[in-house]
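Reading through the structure tokens given below for one structure.
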Amino acid sequence: MADPTTYRPKPGEIPTDPGVYRFRDAHGRVIYVGKAKSLRPRLSSYFQDITALHPRTATMVTTASSVEWTVVRTEVEALQLEYSWIKEFDPRFNVKYRDDKSYPFLAVTMGEEFPRAQVMRGAKRKGTRYFGPYGHAWAIRETLDLLLRVFPLRTCSSGVFKRATASGRPCLLGYIDKCSAPCVGRVTPEEHRAIAEDFCDFMGGNTTRFAKRLETRMKEAAAELDFEQAARLRDDIGALTKALEKQAVVLGDATDADVFALADDDLEAAVQVFHVRGGRIRGQRGWVVEKESEDIATLVEHLLLQVYGDAERDAIPREVLVPSLPADPEAVTEWLSSVRGSAVSVRVPQRGDKRTLSETVRRNAEQSLARHKVARAGDLTLRSKALQELQDYLGLDDAPLRIECYDVSHVQGTNVVASMVVFEDGLARKSEYRRFIVRGAATEDGEPVTVDDTAAMREVLTRRFRRYLEDAEGAGDLDLSTGVVGGATDGAAGPDATGPSDDDDGPSASGPIDPETGRPRRFAYPPSLVVVDGGLPQVNAAQAVLDELGIEEVALVGLAKRLEEVWVPRDDHPVILPRTSEGLYLLQRLRDEAHRFAITFHRQRRSKAMTTSQLDGIPGLGASRQKALLRHFGSVKRLRAADTTDIMAVPGFGRSLASAVVNHLAEGAPQEPAVNLTTGEVLE
């Protein structure tokens, strides 16, 4: 723990202008981002008597080893820069709003040639219109099924769409008039897009004109004695009416508003929001947040930043009703208005229907907090207890706030891979996971040597910690006093490891930035504790790596699966943790997660290695160019009939590579189609 007085800036050095500040730990990692109307009094408040600070704030200032700031012109710029940095660095001490469940949305992929309506969860994609969120996916499907009578929009997947196009026959929805069947040319792309836009207008709240239009057409059909058409239009009107009835009218003046409410205790707060469009509740959403020293006004400000930070202009309503005004209401209102492109009102409802609705949302927040407490009773306490037990049982100087666990996976020494999973503060940090392809040694003849678990673990740890030493050494030349730090944060960690996991569920962690690539130096700070899956041989091999590289500040243990023994380097007797120990449970979760991650990657590698192709073995022809050839010619049979000039017409193929392809296919390449050797499936 650092003494805040060692890095406290002199009060005269701190400007009184608006700005954004960052606290960094000893490894240069951003751990807190904040903004202030005047930087001097705000920063000075962190360096008062440590006993007068909130416990979480006290932990933050003692964890930090430096503070820096950037001056901006206005409070709105400070608000925007604070949001950008929180999103980029994901500081561990900042408030994080986490959904209390994964909410489904009704999405329309307007970015595609033929837009598709479907249920979507997770991160939002560019070019897609979202409606909701809804409490249940079945509610979306039920509403969509009703509306497809009036708006026959495509709902099928890309594979179904392509098969229907190739066969010239639409799917079942096309036959029952719940799809306009653009796959077989019943409507043009322009006509189908018009249907999608009408659907989006209806879902966006512009419902009256569609009902009136259908009613007018129904009367015209009846006047012309076309009673079948009139009956169909009558049923369409009924479907629209039924879909609208599913959305309760809560505000009679067709108001567009987002209504927020909050319920809190000393440790946590639950937030609920009702999205009201056209006076009807179109969606509901909730978050649970661990409270810091900030008051409700600051919590509301951070909430609005995270909800509307990446929102499109039409996602921000005219009114935002909150339980308490944000800490800087003028700046927040100006920022929201600039994003929307028109005036936005942020206020606390005092009376009438809006006040009544706010009370309803607040009751939902109270119930959400109660459910959260039941589901995660004692969770924060147990996490702290687990880290404290590991510190006590293993004799560590501090609780291991960052733990890395490694596991090796292979089948009889083939396709050897390894995984690295990371837990911070007792929680999985999936954006920090890494996968390694174990290269192993080779004989003088170039033949690979079978790699056992111990050798593989030694290679992986050597690569990881050598990279740490290189990045930590390079990080010393960084200028940490600059303003915005640029660069992508989702790339791979360098040549030694693959990129982050596919189930990444959050932004990448912060760290020193590489000035050449603009990417964070992923391995520029060490873990507090390394856990390897195995017994004493694996532990001693891992300790030999740390000794060879001169790393002394990293603790190391191994967890043997049979008796759940915890092995310490160079100790013939394991540490036995009680079966009810929270520390042992945390180590088991680490080990199991590392095993899951490693075996998933191994299966991917093994499946890829078992696939053969007639185009394999041609120098310079990788997977991407193989796909380009098959996409251009349609099949290997047609490719075999092509000459060098025909192949050179494919982008990326010169004369030499085209000749190599022709010669390879002419010199007795196998005539059989490519197959998966595991399943026997024909691939081409």
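Here the label points at Glu553 and Lys126, each 7 Å from Cα along the C-beta direction, are separated by 3.9 nm in the simple model. Subtracting the Cα-Cα distance of Ala544 and Ser635 from 0.36 nm times their residue separation leaves 27.4 nm of extension gain. When peptides 342-355, 542-555 are ranked by their average number of other Cβ atoms within 10 Å per residue, the highest-first order is 542-555, 342-355. For the range 614-628, the residues whose amide N sits under 15 Å from a probe point set 7 Å from the Cα of Asn663 along the beta carbon direction are 617-621.
Surface analysis of the range 127-197 yields an accessible area of 51 Å² per residue, using protein heavy atoms and a 1.4 Å probe. Working ranking of peptides 41-54, 105-118 by packing, defined as the average number of other Cβ atoms within 10 Å per residue, highest first, is 105-118, 41-54.
With every protein chain kept in place and ligands, DNA and RNA left out, what is the accessible area per residue of the range 384-441? Probe 1.4 Å, answer in Å². Show your work: numbers first, answer last.
Working: 2160 Å² over 58 residues.
Result: 37 Å² of accessible area for each residue.
Which pairs, out of Lys37/Lys354; Lys178/Lys354; Lys10/Lys430; Lys178/Lys637; Lys124/Lys430, put more than 28 Å between their alpha-carbon atoms? Present the calculation step by step, with values, prior to reporting the outcome.
Working: Lys37/Lys354 32 Å; Lys178/Lys354 38 Å; Lys10/Lys430 39 Å; Lys178/Lys637 39 Å; Lys124/Lys430 19 Å.
With Cα atoms farther than 28 Å apart: Lys37/Lys354; Lys178/Lys354; Lys10/Lys430; Lys178/Lys637.
Amide H contacts under 5 Å for Glu312: none, restricted to partners 5 or more places along the chain or on a different chain, H placed in the peptide plane at 1.01 Å from N.
Here the extension length gained between Thr381 and Ala137 equals 84.4 nm, from 0.36 nm per residue of separation less the Cα-Cα distance.
Apolar share of the accessible surface for the range 138-209: 54 percent from carbon plus sulfur atoms, 1.4 Å probe.
Quickly rank 528-535, 144-151 as a protection proxy: mean count of other C-beta atoms within 10 Å, highest first. Walk me through the numbers before you get to the answer.
Details: 528-535: 23.5, 144-151: 19.9.
Ranking the peptides 528-535, 144-151 by packing returns 528-535, 144-151.
Stretched out straight at 0.36 nm per residue, the stretch from Glu191 to Ala52 would grow longer than its current Cα-Cα span by 43.4 nm. Taking amide H as placed 1.01 Å from N in the peptide plane, Asp407 has its amide H under 5 Å from the amide H of Ser419, each at least 5 places away in sequence or on another chain. The phi torsions of the range 422-436, fed into the Karplus equation with coefficients 6.51, -1.76 and 1.60 and a -60° offset, translate into couplings of 10, 10, 10, 6, x, 10, 5, 10, 5, 5, 9, 4, 9, 10, 10 Hz, rounded to whole numbers, with Gly and Pro shown as x.
The values are calculated or read from the model by the stated rules, or taken from the named source; none is laboratory data. Keep in mind that what you see is a predicted model, and the values were worked out from it rather than measured. Heads up, the Cβs are rebuilt from the backbone with ideal geometry, glycines too, and the neighbour counts pull from every protein chain shown. For the accessible areas, the whole protein counts, side chains as well, though only heavy atoms, and no ligand, DNA or RNA atoms are used. Shrake-Rupley method; radii C 1.70, N 1.55, O 1.52, S 1.80 Å.
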